[in-house]
Structures are given as C-alpha cells and as structure tokens.
Amino acid sequence: MAILICGGAGYIGSHINKLLHQKGYETVVLDNLVYGHREAVKWGEFVKGELADESEIEAVFQTYKIEAVFHFAAYAYVGESVGEPEKYYYNNVVNTLNLLKVMRKYGCDKIIFSSTCATYGEPDCVPITEEQRQNPINPYGATKLMVERIFKDYAKAYGLRYVALRYFNAAGADPEGEIGESHMPETHLIPLVLDAAAGKRADIKVFGTDYDTPDGSCVRDYIHVADLAEAHFLALQYLEQGGDSDFFNLGNERGTSVLEVIEAVKAVTGKEFSVICTDRRPGDPAILVGSSKKAERILGWKAKYAEIETIVAHAWNWRKHAQF
Ligand code: UDP
C-alpha cells in the first residue's frame, strides 16, 4: 500500500513526503514540475504527470496500490488568480475532479487536502475559527472553497472520506535543512526578507504601514512547515482509524506583523538591510490569525515551532545552502 502525494515536489508537499517516509510509509509523488522541484523529491517514487490528464493519474493507480491521497497540486498566486481566473478554476477545481474520478474508479476513499485561510476572506473577528463564514475575496480562495464543497458532496454520495486543512501562512523549512521553500517567482514575505538580508535584493518593501494594527503593518499567523507536515500525518492516521470527514484550521493563534518579521530576520541573521515602507498591496486583510483549537482537540496536533525566530532561523539555514 502506498500514499499518493499530488504536488509532492512543492514546498509543503515535499515536507509531508519526508515525514511520511520517516513514519515508514511508501510514498509516490505525482507532480508536473511546473512550480515543483525534482530535487525536492528525495524520498519515495517520483512520477512526472498532469492531473489535467486522467490517463496519467490512472497510470499511477495501476502501478501502485494507493491507500490514500494527499492533494497539494494547485496554483497559489493570489494576484495571478485575479487576472487569470480560468487558469485557476481549471487547474485547481477541474483537475481535482479528475483525481477524484480516478480515486473512485480504483476504490481509494481517503484524501487530505491543502486548503487555506483564504477561503474565509475578510474575517469577521480573529482568531478565526472553523465556524466563521467562508467568503473568499479572490479566485484562488474560491477554488479552494469549491473543492471543499465538492468533497462534501462526494462524501455524501460516494462515501469519500476527507480532511481539509486550512493553513495560515506556511513558513520555515525542514529543521534538518534537507528541503525548504523555493518559489519562482517568490512573493512571500519571509523568503524575500531573507534575500534582502543575504544581499540578493536591494531592499524589502513593507506593503502598508497605515493598517489598524499595533505597528500599522499587516499581521499574519506564520506556521512552521514541519508543524504542517505533522498535522497532515495526524490527519492520515485519523482517517485510517475511521475518523469522519472534517476540516481544520492550522495556525499558531499568534499574530506577527510585517515589521516584526523584519526585526526577527535582522536578529537571526545579524544583517542590516534597507526597509522601504510603501503602499498597501490590494486585497490584503489587516489581520489574519487562526484558531487551531479544533485540530488540537480532534487530531491531537500542537505546533512545536511557534516562535517566529525559530521559523526564520530554519528558513535562513535552508536559504543559505539551498540546493534548488
Ligand atoms: N508583504 C510585504 N512585502 C513583501 C511581501 C509581503 O510587506 O514584499 C506583506 C503582505 O502584504 C502581507 C504579509 O507580508 O501582509 C504576508 O504576505 P505573504 O505574501 O508572505 O503571504 P499572504 O499573507 O499574502 O498569504
């Protein structure tokens, strides 16, 4: 029996692949390598393939006996999703339908899905709990919410069993430094600030200092990728032990502002760099902080690396020696 990791060459999927391997699972990564890195698949089998092509998914299910699927294969650039919604609805929604179709055909009934806090849109209050209204403000968040809805209907009609994990801001890198975050193009705050510290970019721009937050910059809930990996493993065990389909927030329940992230990078790296305060980035909510109480209660999950300095230190360690 093997576990299929769709999008396992990407940032979060590759960390889950490593953890599952450590836990003794046989894994198969299916990735088209559009954004993923072949070098990030250091464990298990690798198949280059497209979820857009049902026959390529089927080939995997014919070769391996797939017990459960982890699904990370999605486009995730919020700005791009606004300009090119078609690309996002096809890749994130239609391709997921292809995957579910093949899973049904081969009697595979368990899926763990990479969802997002972007399904909530502008929160009514923080910390955000799972009970809050989901009202995404961009196509990216809408695609993830649609997939959650599809799972719900498939669970009822076909007996699919799923866990949807709604992440806040995934950050950090493998504590052992074997894999880490590498996006092209890079838009995320922590890697960009680290690049400024490393002298790879001239400065870091702070997108807005006039928000209604303690220091005026946006507040986010940064969650270590190794903690995310642990939650995925617990979700798999939960489904294996007969747990009901469910959805969980994954965050640290603590907010860190953009300026605080910059301070943490300066403290960890000992480097000085230029910080430029600029206009707000369209579509950025002031504060996104998640409550993970439900995941703690039902999955028994607790973040191990909640300190922003630890998250930044692991990311820095990776970025200094990054192999991809
Ligand atoms: N941000 C910033 N400068 C940058 C990149 C990001 O000030 O060069 C801010 C962004 O406005 C947001 C926070 O950092 O408030 C986190 O952004 P990121 O893109 O990392 O994640 P998001 O919260 O958009 O998922």
Original post:
Relative to a virtual label point 7 Å from the Cα of Val82 in the Cα→beta-carbon direction, which members of region 111-149 show backbone nitrogen distances below 14 Å?
Top reply: 122, 137-142
Subject >> Top of His232, His15, His183 by mean-square fluctuation, Gaussian network on the chain, Cα under 10 Å >> reply: His183
Original post:
How far apart, in nm, are the 7 Å Cα→Cβ label points at Phe324 and Lys271?
Top reply: 2.3
**OP:** Would you pull out the residues with amide H under 5 Å of Arg161's amide H, same chain only if 5 or more places away, H placed 1.01 Å from N?
**Re:** Lys110, Ile111
Subject >> Label-point separation, Glu307 to His183 (7 Å along Cα→Cβ), nm >> reply: 2.6
**OP:** Identify all lysines with a Cα-Cα distance to Lys271 below 18 Å; exclude those on the same chain that are fewer than 8 residues away in sequence.
**Re:** Lys200, Lys205, Lys320
**OP:** List the residues of region 144-167 whose backbone N lies under 20 Å from a point placed 7 Å from the Cα of Asp244 along the Cα-to-Cβ direction.
**Re:** 148-166
**OP:** Take the chain, connect every pair of alpha-carbon atoms lying under 10 Å apart with a spring to form a Gaussian network, then pick out the residue of Glu131, Glu56, Glu80 with the largest mean-square fluctuation.
**Re:** Glu131
Original post:
Given the Cα-Cα distance of Gln22 and Ala157 and 0.36 nm per residue of separation, how much length would full extension add, in nm?
Top reply: 45.1 nm
Original post:
Between region 130-151 and region 71-118, what's the alpha-carbon centroid distance in Å?
Top reply: 12
**OP:** Could you calculate the FRET efficiency of Lys42 with Asp203 from 1/(1 + (r/R0)^6), where r is the beta carbon distance between them and R0 is 41 Å, rounded to 0.05?
**Re:** 0.75
**OP:** Would you look at the GNM of the chain, springs on alpha carbons closer than 10 Å, and say which of Asp227, Asp244, Asp174 moves the most?
**Re:** Asp244
Original post:
If you plug each phi of region 195-203 into the Karplus form 6.51 cos²θ - 1.76 cosθ + 1.60 with θ = phi - 60°, what whole-Hz ³J(HN,Hα) values come out, in order, with x for Gly and Pro?
Top reply: 5, 5, 5, 7, x, 7, 9, 5, 6
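A short reminder: the numbers here are calculations on the coordinates, not readings from a lab. Nothing here was measured: the structure is a model prediction, and the numbers come from that model. Counting neighbours? That spans all protein chains shown, and the Cβs are built from the backbone with ideal geometry, glycine included.
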